[in-house]
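Notes to accompany the following structure.
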Amino acid sequence: MKDLTIRHELCCTADTYWNKCVFDAEYNRRLFFEVLKFRAYDLIEEKEVGDTLVRRVRAEPEIGNLPGPVKKVLGDSFGYVEEGIFDRKTQRYDFRTIPAAFSDKIKISGSMVCEPLGDKSVARIAQMHVDVNLFMIGGMVLDRITADLDRSYTKAAELTNQWVKEKGY
């Protein structure tokens, strides 16, 4: 089990981050296919419910090189569904990730918020809880998941800053 906090400075307002990045189809296409090199990324559902936006996405990251024992258990692909709720009043996104395999043994949940830093600058803070309960290889899988999360959030922050500059937000 591991708790992880990932913080990045973004050169935009919170409103721009949420509405012109996180919930923008073209931004997500670019992030998941061009930057993160995912095999698949599909928006399953997105609906407004009162002051919240409810989303479900299906994704399949490229998992690359895995240690032999982990690859033997997980195979060549590892997909998941992310279920998230964005509260428009608090501007907080809560999510949980449900792996396609071992969903009873791998649990990932968390939240994201933006804290204002200046006129057009925020700190995006993602707090996550990762729990892996796989016999003998749990520690390796946990380390890989947390490293991948850190790498993905860093690349997303880089893209966000590039995106808002390109778009003039």
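The values are calculated or read from the model by the stated rules, or taken from the named source; none is laboratory data. Here the structure is a predicted model, which is why all the values come from computation and not from measurement. Here Cβ is always computed from backbone atoms with ideal geometry, including for glycine, and neighbour counts include all displayed protein chains.
Structure values in brief
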item	result
Restricting segment 104-151 to residues that are more than 29 Å from residue 19 (Cβ to Cβ) and among the charged types (D, E, K, R), the residue that is surrounded by the most Cβ atoms within 10 Å (Cβ to Cβ)	144
Count of segment 16-52 residues which are of a type in the set (D, E, K, R) and in contact (Cβ under 8 Å) with a residue 60 or more places away in the chain	2
Among (1) at pLDDT below 95; (2) surrounded by 14 or more Cβ atoms within 10 Å (Cβ to Cβ) - the single one residue 98 does not satisfy	(1)
Residues of segment 113-169 satisfying the condition of being β-branched (Val, Ile, Thr), within 17 Å of residue 34 (Cα to Cα) and in contact with a Cys (Cβ under 9 Å, 6 or more places away or on another chain)	160, 164
Any chance residue 55 is in contact (Cβ under 8 Å) with a residue 12 or more places away in the chain, of a type in the set (Lys, Arg) and touching a Phe, Trp or Tyr at 6+ places or on another chain (Cβ under 8 Å)	yes
Residue tally, condition within 29 Å of residue 117 (Cβ to Cβ), touching a Gly at 6+ places or on another chain (Cβ under 8 Å) and either buried (at least 19 other Cβ atoms within 10 Å of the Cβ) or among the basic types (Lys, Arg) (or both), over segment 6-56	1
Count - residues of segment 2-44 that are among the hydrophobic types (A, V, I, L, M, F, W, C) and farther than 22 Å from residue 92 by Cα	5
Criterion violated by residue 90 - all others in (1) of a type in the set (Ser, Thr, Tyr); (2) touching a residue at least 60 places away in the same chain (Cβ under 8 Å); (3) over 24 Å from residue 35 (Cα atoms) satisfied	(2)
Elements of type strands (runs of 3 or more DSSP E) contained in segment 75-169, each with 2 or more residues being closer than 24 Å to residue 46 by Cβ and among the acidic types (Asp, Glu)	80-87
Index of the failed condition, residue 66 passing every other in (1) more than 16 Å from residue 152 (Cα to Cα); (2) modelled with pLDDT of 95 or more; (3) in a loop (DSSP other than H, G, I, E, B)	(2)
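Yes/no per residue for (1) among the aliphatic types (A, V, I, L, M); (2) in contact with an Asp or Glu (Cβ under 9 Å, 6 or more places away or on another chain):
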residue	(1), (2)
61	no, yes
79	no, yes
97	no, yes
101	yes, no
116	no, no
128	yes, yes
144	no, no
154	no, no
157	yes, yes
